[in-house]
Amino acid sequence: MSLEAHAEPAAIQTHIGAIFISLELSRSRWLITSLVPGGGQRMSRHSVEAGDLAGLLARFWAIRDKVSARTGISYPIIVIQEAGLDGFWLHRALEQEGIESHVVDAASIAVSRRRRRAKTDRIDGEALLRVLLAFKRGEPRVCSMARAPTPEEEDRRRIGRERKTLLVERIQHVNRIKGLLFSQGIGDYEPLHRDRRRALEAVRTGDGRELGANMKTQIGRELDRLELLLDQIAAVEAERDAMLAREAEAKAAQDAKRTPAAVEMLMDLKGLGPETVAMLWTEAFYRSFDNRRQLAAFVGLAGTPWQSGSIDNEQGVSKGGNHRLRTAMIQLAWLWPSHQPGSALARWFVERTKDASKLQRKKMAVALARKLLVALWKWVDAGVVIEGAVLKSAAKAS
């Protein structure tokens, strides 16, 4: 039996029912790559100056008008861009114009595994367009689209993130002051104590001298900046507490049955303070998750196995999600056995770290952080009580 070879390679023809556009955004220009109905397989490219929204929309309308004149049909426009420094403002602006917009996690897009691979804006624009086509065809797991927060949700994050930045700056100033004094043989000065100014006047160098005039002046200016930071941190924390209180009051006003708000439920758990609660609420629990795996991946606490044939290695957590929340959850995991020693999660951690090495304890703390995150999500989302956990309200009642 013989088979006749095809005269031409077989191809699957796909009808393009929309104008597909990818945006490569940079500080200098925006590259527009488009694939339109009736244009064959050819991708067109245009560019506008970065930040020129009017010019971008004008280019979109020109592409649509050209396609409409050629086909007699007004097709919808579908746009994709990578999540990056531009945030979500452009995505929101496009949606306000009635354009279907998607923001993709760049790390979820498959790339060539060659040792040296070409990378240009043109190549990236075409790759984004292919990803968008596959996504709209319904291909599973082709990419991960980011869920754009509302402006209000995005603004709420600012408080916790600003506090984190201020704490880093506070540490820098404290370390700089201590370093300057240590160079003079002074190792017991604490810049964060309330009597920092008086203590500075009383310090003596290792060889019994007073501090030099210029050294004292420099440290005084460092203290000025440190005290400004301390005032700003206190102001941010007051704003955070007020925000949490407003959320609880708003939930009470909307819900006639008085179902506790997520903030109240988290605050009621012993061991969770305002900062951790604000971090959980503003960074994760403002949105919904389909399952625990999706939640763990969002925070970067999902496992990353490496399996091929007889090779089966575990590379640890992905670290590809929200690093702020991941750090907070690991810190909470270390403290959880102390605050909630009777909980099932605390007992699980203690049993598995008995006689364990330092490295093994660290690994188990990360595992506990993932379990704890899922347990907190189930608590606020479905009211599933964390086994053995103590509530502040119950402790007061008893």
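Here are the numbers for this structure:
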{"quantity": "In the stretch 113-165, the residues that are among the hydrophobic types (A, V, I, L, M, F, W, C) and closer than 19 Å to Arg326 by Cα", "calculated": "Ala146, Ile159"}
{"quantity": "Number of positions in the stretch 55-70 that are in contact (Cβ under 8 Å) with a residue 12 or more places away in the chain and open to solvent by less than 50 Å² (accessible area, probe 1.4 Å)", "calculated": "5"}
{"quantity": "Among the residues listed as Glu222, Glu237, Glu249, the single one being out of contact with any Phe, Trp or Tyr (no Cβ under 7 Å at 6 or more places or on another chain), of a type outside the set (A, V, I, L, M), under 30 Å from Phe285 (Cα atoms) and open to solvent by less than 70 Å² (accessible area, probe 1.4 Å)", "calculated": "Glu237"}
{"quantity": "Subset of the stretch 27-54 (residues that are in contact (Cβ under 8 Å) with a residue 12 or more places away in the chain and among the polar types (S, T, N, Q))", "calculated": "Ser28, Thr33, Ser34, Ser44, Ser47"}
{"quantity": "Scan of the stretch 190-207 for residues that are crowded, with 16+ Cβ neighbours inside 10 Å and under 30 Å from Pro274 (Cα atoms), ordered by number", "calculated": "Pro191, Arg196"}
{"quantity": "Residues satisfying the stated conditions in the stretch 317-372, i.e. under 17 Å from Leu266 (Cα atoms), open to solvent by 80 Å² or more (accessible area, probe 1.4 Å) and not charged (D, E, K, R)", "calculated": "Gln331, Leu335"}
{"quantity": "Residue match in the stretch 57-76 (condition: in a strand (DSSP E or B), modelled with pLDDT of 95 or more, under 18 Å from Ile19 (Cβ atoms) and not polar (S, T, N, Q))", "calculated": "no"}
{"quantity": "Filter result for the condition that a residue is in a loop (DSSP other than H, G, I, E, B), open to solvent by 50 Å² or more (accessible area, probe 1.4 Å) and closer than 28 Å to Ala110 by Cα, over Glu139, Glu210", "calculated": "Glu139"}
{"quantity": "Criterion violated by Arg92 - all others in (1) crowded, with 18+ Cβ neighbours inside 10 Å; (2) assigned to a helix (DSSP H, G or I) satisfied", "calculated": "(1)"}
{"quantity": "The listed residue being touching a residue at least 24 places away in the same chain (Cβ under 8 Å), open to solvent by 30 Å² or more (accessible area, probe 1.4 Å) and under 33 Å from the mean Cα position of the chain (by Cα), out of Leu180, Leu167", "calculated": "Leu167"}
{"quantity": "Per-region count, the stretch 256-311, residues open to solvent by 30 Å² or more (accessible area, probe 1.4 Å) and touching a strand residue (DSSP E or B) at 6+ places or on another chain (Cβ under 9 Å)", "calculated": "7"}
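Yes/no per residue for (1) touching a residue at least 12 places away in the same chain (Cβ under 8 Å); (2) of a type in the set (Lys, Arg):
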position	(1), (2)
Asp224	no, no
Leu228	no, no
Val236	yes, no
Arg240	yes, yes
Met243	yes, no
Glu264	yes, no
Leu280	yes, no
Leu301	yes, no
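The values are calculated or read from the model by the stated rules, or taken from the named source; none is laboratory data. Everything numeric in this text was worked out from a predicted model, so none of it was measured. Methodologically, a virtual Cβ is constructed for each residue, glycine included, from the backbone with ideal geometry; neighbour enumeration extends over all protein chains shown. Ligands, DNA and RNA are stripped out before the accessible areas are found, and what is left, the full protein with its side chains, is counted by its heavy atoms. Shrake-Rupley method; radii C 1.70, N 1.55, O 1.52, S 1.80 Å.
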